[in-house]
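Please treat every number below as a calculation from the coordinates, not as lab data. Every value quoted in this text rests on a predicted model; they were computed, and no experiment measured them. Please note: Cβ atoms are built from the backbone with ideal geometry, for glycine as well, and neighbour counts cover all protein chains shown.
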Amino acid sequence: MVIVTIEGIPVLLTDFVQFLETPLFSFFGAPVSRTEALGFASGALCVWLVARQHIANWPLGIANCLLFVLLFTQAGLYADAGLQFVFIALGLYGWRNWVRGDGAAADTLPVRRTTRGEWTGLAIAGAAGLAAITWLLVTATDSEVPFWDALTTVLSLLATYGQCRKRLESWWLWIAADIVYVPLYAYKGLYLTSILYIGFMALCVAGLANWRRSMAADIEKAKAAA
């Protein structure tokens, strides 16, 4: 099959992107594209799988990131769009980490608390990242919400690090990020995604409880084996 190209981009790819950008329905008077609808469904399922410590959350999360790259670029949330590529890299790392864990079997990495040293490193990295990303958005883009876009980006990165390492407190970082994401996406007219992040907060609470029980069970097993 011959594929005609436009400036090196396959027509079939541009047609597919246009298909995803096409409004599927309206929500609170705002059009909802296929991209946002698919992002909603895959994102909700992904967080549910993380809460259950199911390894399938990683490949699904990577697919979800690709959808959000398109969605956030269209909405002018450039830091969030760029963040998705970092999420993809961290997703591959987390996938590998969860598989290998402390052994060869899947899902063997135990849940642990974040250490004082980790918190110090995260605080320093977070402050530096917030300043740098805010400056970049102010000077190099037409972002209407540079600080809030940068803040959610930094919180999400810190939370993802904790998720990759199965640190219990990563759920609190996700909850903090979601609290900012909900009004931010509503402000940008992404109402369905805003509602998705309300659901994310509920799933984060469930994930926190699930991981806490898992950690307590591991501690009891260790005591029994001692």
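Counting only Cβ charges, +1 for Lys and Arg and -1 for Asp and Glu, the dipole size of the stretch 80-218 around its Cα centre is about 560 debye.
Per 10 Å bin, what is the whole-percent P(r) computed from every C-alpha pair distance within the stretch 166-214? All Cα pairs considered, the percentages come to 30, 45, 20, 5. The stretch 159-181 and the stretch 109-126 have Cα centres spaced 11 Å apart. Checking every one of the trypsin sites (Lys or Arg not before Pro) in the stretch 62-151 against DSSP loop status and a limit of 14 other Cβ atoms within 10 Å picks out R113.
Distant-in-sequence amide contacts of L168, defined by a placed amide H-H separation under 5 Å and a gap of 5 or more residues or a different chain, comprise R112, R113, T114.
Working note: Debye formula, equal point scatterers on the alpha-carbon atoms of the stretch 89-226, no solvent; log10 I(q)/I(0) at q = 0.17, 0.20 Å⁻¹ is -1.03, -1.26.
Were the residues from T141 through R96 laid out at 0.36 nm apart, the gain over their Cα-Cα distance would be 12.7 nm.
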